[in-house]
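A short worksheet on the structure shown next.
The values are calculated or read from the model by the stated rules, or taken from the named source; none is laboratory data. Everything quoted here is computed from the prediction, not taken from an experiment. Glycine gets a Cβ as well: all are built from the backbone with ideal geometry, and neighbour counts include every protein chain shown. Only protein heavy atoms, including side chains, enter the accessible area calculation; ligands, DNA and RNA are left aside. Shrake-Rupley method; radii C 1.70, N 1.55, O 1.52, S 1.80 Å.
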Amino acid sequence: MKKIFTLISMALVAMSMNAQDEEPKLFEAAEITMGDIRWYNGNNKTDINDEAGTMLYFVMGDGNAYEQIYAEEIVSNETGEIVYRPYYTYTDYVGGEAGLPKYGLYYKFTPKVDGSLRFLTWVNKTNRNTVVVPASTGRPLTYGVDYQFEGYVNGQKSNYTDRPLYNDDGTPKLDNDGNQVYEQYCTFFTAEEMLARHNEAKVVDGVDTAPYVLEKGNQALWGWILLDVKAGESYYIFQLSSQLGFGGYDFTPVGGAKENYVAALDMGGTIVLNKEFSSIVDEKGVAQNVGTTGRSVVTISTPNMDVEGVGSATPTAVVPGAPLGTGIAAVKAAELDANAPMYNLAGQKVANDFKGMVIQNGRKFMNK
């Protein structure tokens with residue numbers, strides 16, 4: 001009897017391995033069950049200060065910024081039965097595609113006048129693409145050229161050289177090499193230093209191998225995305241397949257006074273969400289303004305800046321519809337829209353009868 005169970009287990013493992021080796025078998029999502037959308041206080045990093053000594057707090061949100069949800073057919077490791085799980089697609093910006101997220105967590109900034117924006121964020125996974133995408137083109141700006149990042153890298157600390165540490169008996173505290181141990185603080189990296197860290201690992205033979213990855217390692221970041229913005233343009237900021245925390249922003253109009261918004265506040269030692277977030281969540285942080293849209297939209301504004309924070313929960317189940325075939329090629333074919341906006345190579349929107357090289361559905365081709 002044991003042998004039979006062993007053979008069955010081996011067969012299931014083999015089926016699972018084969019399923020992983022094969023291209024996914026995909027279906028349209030006829031029905032999607034979503035989990036709760038949450039906006040909650042991410043105050044677990046309150047030991048981080050900005051260069052002015054201000055404590056940084058964040059509103060955390062659920063949901064990845066992705067294009068579409070499909071149903072993937074797999075063999076269950078537990079039962080050997082065919083089951084279906086959500087399969088996500090993301091805009092392949094590195095591969096030249098264009099587009100904006102349809103699901104997930106993102107922040108949309110729309111200035112009324114030209115100016116400079118500083119977006120305070122906590123970056124969950126720095127090996128994922130962090131993008132700033134203008135709505136007019138659907139194509140991300142270039143890190144280190146069009147926008148910058150300054151702030152902190154998890155685990156990177158410096159010594160207070162005037163604050164040595166001592167043992168209980170009054171003797172100096174030493175490390176394993178016999179060196180004096182000092183009290184430490186988190187290291188603030190300027191935009192130039194952050195870009196240098198990126199280039200150290202990501203630029204190979206003059207080519208940036210990860211143009212939208214902010215940091216050379218895979219540590220969390222806290223700090224500011226910095227960019228100049230144009231009046232009337234909307235800028236989407238998000239991570240692909242991960243989350244960004246939102247600490248607030250400040251915006252300085254050209255020739256005007258700085259205006260700012262803080263997303264989470266220290267109220268006498270208790271960190272609470274600002275009213276735009278706290279007014280639409282319950283005591284567990286679950287959004288109550290979802291309705292039939294499947295999204296939670298938080299609107300924020302200062303005199304010259306309008307902001308939307310959009311959250312969309314992670315699917316918990318999916319029911320398959322019409323088959324799409326296998327592999328990402330089948331998915332991409334299904335996503336093509338003949339009526340999608342068309343752009344020239346300068347990123348300017350053009351009419352569908354425009355003659356020449358154009359970009360549509362994230363693909364470049366000659367329109368004759």
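Selection of strands (runs of 3 or more DSSP E) fully inside the stretch 85-155 by the criterion of at least 1 residues being of a type in the set (A, V, I, L, M) returns 115-123, 130-134, 147-153. Report yes if some residue within the stretch 85-108 is more than 30 Å from Leu324 (Cβ to Cβ) and either crowded, with 20+ Cβ neighbours inside 10 Å or in contact with a strand residue (DSSP E or B) (Cβ under 6 Å, 6 or more places away or on another chain) (or both); otherwise report no. Within the stretch 85-108 (the criterion being more than 30 Å from Leu324 (Cβ to Cβ) and either crowded, with 20+ Cβ neighbours inside 10 Å or in contact with a strand residue (DSSP E or B) (Cβ under 6 Å, 6 or more places away or on another chain) (or both)), the answer is yes, since at least one residue qualifies.
The set of residues in the stretch 175-198 that are open to solvent by 40 Å² or more (accessible area, probe 1.4 Å), closer than 24 Å to Leu221 by Cα and assigned to a loop (DSSP other than H, G, I, E, B) comprises Phe188, Thr190.
For the stretch 139-155, the set of residues classified as in contact with a Phe, Trp or Tyr (Cβ under 8 Å, 6 or more places away or on another chain) and open to solvent by less than 50 Å² (accessible area, probe 1.4 Å) consists of Pro140, Leu141, Tyr143, Phe149, Glu150, Gly151, Tyr152, Val153, listed by residue number.
When Tyr147 is tested against (1) of a type in the set (Phe, Trp, Tyr); (2) within 18 Å of the chain's Cα centre (by Cα); (3) over 28 Å from Ile300 (Cβ atoms), just one condition goes unmet, and that condition is (3). Only a single item in (1) outside any loop (DSSP other than H, G, I, E, B); (2) among the polar types (S, T, N, Q); (3) open to solvent by less than 40 Å² (accessible area, probe 1.4 Å) is not met by Ser241, and it is number (1).
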